[in-house]
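The values are calculated or read from the model by the stated rules, or taken from the named source; none is laboratory data. Please read these numbers as outputs of a predicted model, since none were measured by experiment. When the accessible area is computed, the model is the full protein with side chains, heavy atoms only, and any ligands, DNA or RNA have been set aside. Shrake-Rupley method; radii C 1.70, N 1.55, O 1.52, S 1.80 Å.
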Amino acid sequence: MSSVILRNVCKSYGNLPIVKSLNLEVKDGEFVVLVGPSGCGKSTTLRMVAGLEDITQGDVHIGDQVVNDLPPHKRNIAMVFQNYALYPHMSVRENIVFGLKKSGADATTIASKLADVSEMLKLNEYLDRKPADLSGGQRQRVAMGRALARDADVYLFDEPLSNLDAKLRHHMRTEIARIQHQYNMTAIYVTHDQVEAMTLGDRVVVMRDGIVEQVGTPMEIYLQP
Ligand code: ADP
Ligand code: ADP
C-alpha cells in the first residue's frame, strides 16, 4: 500500500484546460472519492494517476516515487472501469488471476487469492464461464475481483457502478464498503453519485470545472448546515 500525491497537476487538450493545478493527497489506507458533475475532469484525473493519460504539468507521486514517466504496467495499480474491460476470450477464473500471474505470483498465492476473491464476491459458481455469459452485475463483480486479487499499491475505480440498475448499485455499494474495511486499501474512486461518495469516502473531493471545489469527510461536505 502507498500514498498518492498530486502536486499542481494540469491537463490540457490543445489549449483547452481540463484539469487545473490540482493538489491532492491520498494517505496510505485512505479511500478518497472524487465527485462532481459529468465533464468536470474526474476521469481524466484518475487516468493520470493510472498513467493512461499524459500529464501536461505537475507531478504524480505513488509512495516515494514520482511516476509521471512510468507507463501503466510499471505502476503498481489496479483499476476497475465503468465498462468492466474484461478479457472476453478468458473465463472468469482466468480474468481474475491474469494480473497476478503477470506479476509473477506463485501457484499457491494465485490459488489462495482466487479462493478469497471468489468467496468474497460470490463468484464461485461462475468461475468457468466467459464474460459474455454473465449478467452486468456479475461482470462488475469479476472486474472488481480482478482488481482486488492484485496486491496493488493503489486501487482506482472509474464509475464502477454506473452501469448497474438501482438495486444492484445499492447492493454493490454496501459490498464495496465492506471490502474496503476488510482490505484497508488506498483507493481513488470516481463517481457523480453523491450517495456513493458519502457512503464510501473516508474523504470526499468535490470537483468542478477542473478544480477542487471542496475537500472533507462526508460529514463535513454533506451534513453540515
Ligand atoms: P468526468 O470524468 O468528470 O466526467 P472527464 O475527465 O471524462 O470528466 O472529462 C473532462 C472533460 O475533458 C470533458 O469535457 C471531456 O469532453 C474532455 N475530454 C476528455 N478526453 C478528451 C480528449 N481526449 N480530447 C479532448 N477533450 C477531452
Ligand atoms: P466517461 O464520462 O464515461 O468517461 P467520456 O465520454 O467522457 O466518457 O469519454 C469517453 C472517451 O472519449 C475517453 O477516452 C475520453 O478521453 C474521450 N473523449 C471525451 N471527450 C472527448 C473529446 N471532446 N474529444 C476527444 N476525445 C474525447
*Mind checking Rg over Rh on the chain, alpha carbons, Kirkwood formula for Rh?*
0.96
_Could you report the accessible area of HIS192 in Å², rounded to 10, computed with a 1.4 Å probe on the protein chains as they sit in the structure?_
100 Å²
*With every protein chain present, what accessible area does VAL206 have (1.4 Å probe, heavy atoms only), rounded to the nearest 10 Å²?*
20 Å²
*Give the long-range amide H neighbours of SER21: residues separated by 5 or more places, or on another chain, with amide H under 5 Å away, using H modelled in the peptide plane at 1.01 Å from N.*
CYS10, LYS11
_How much of the pair distance distribution for the range 115-193 lies past 20 Å, counting alpha-carbon pairs only, in percent?_
29 percent
*Do the alpha carbons of any pairs in LYS102/LYS130; LYS42/LYS102; LYS101/LYS122; LYS74/LYS101; LYS42/LYS74; LYS101/LYS130 sit beyond 25 Å of each other, and which pairs?*
LYS42/LYS102
*Calculate the all-directions average of the projected area of the range 85-138's alpha-carbon convex hull, and give it in nm².*
3.7 nm²
*Enter the accessible area of ASP69 (Å², nearest 10), with the probe set to 1.4 Å and all protein chains included.*
140 Å²
_Between 0 and 90°, nearest 10: helix 92-102 axis offset from the chain longest Cα axis_ = 60 degrees
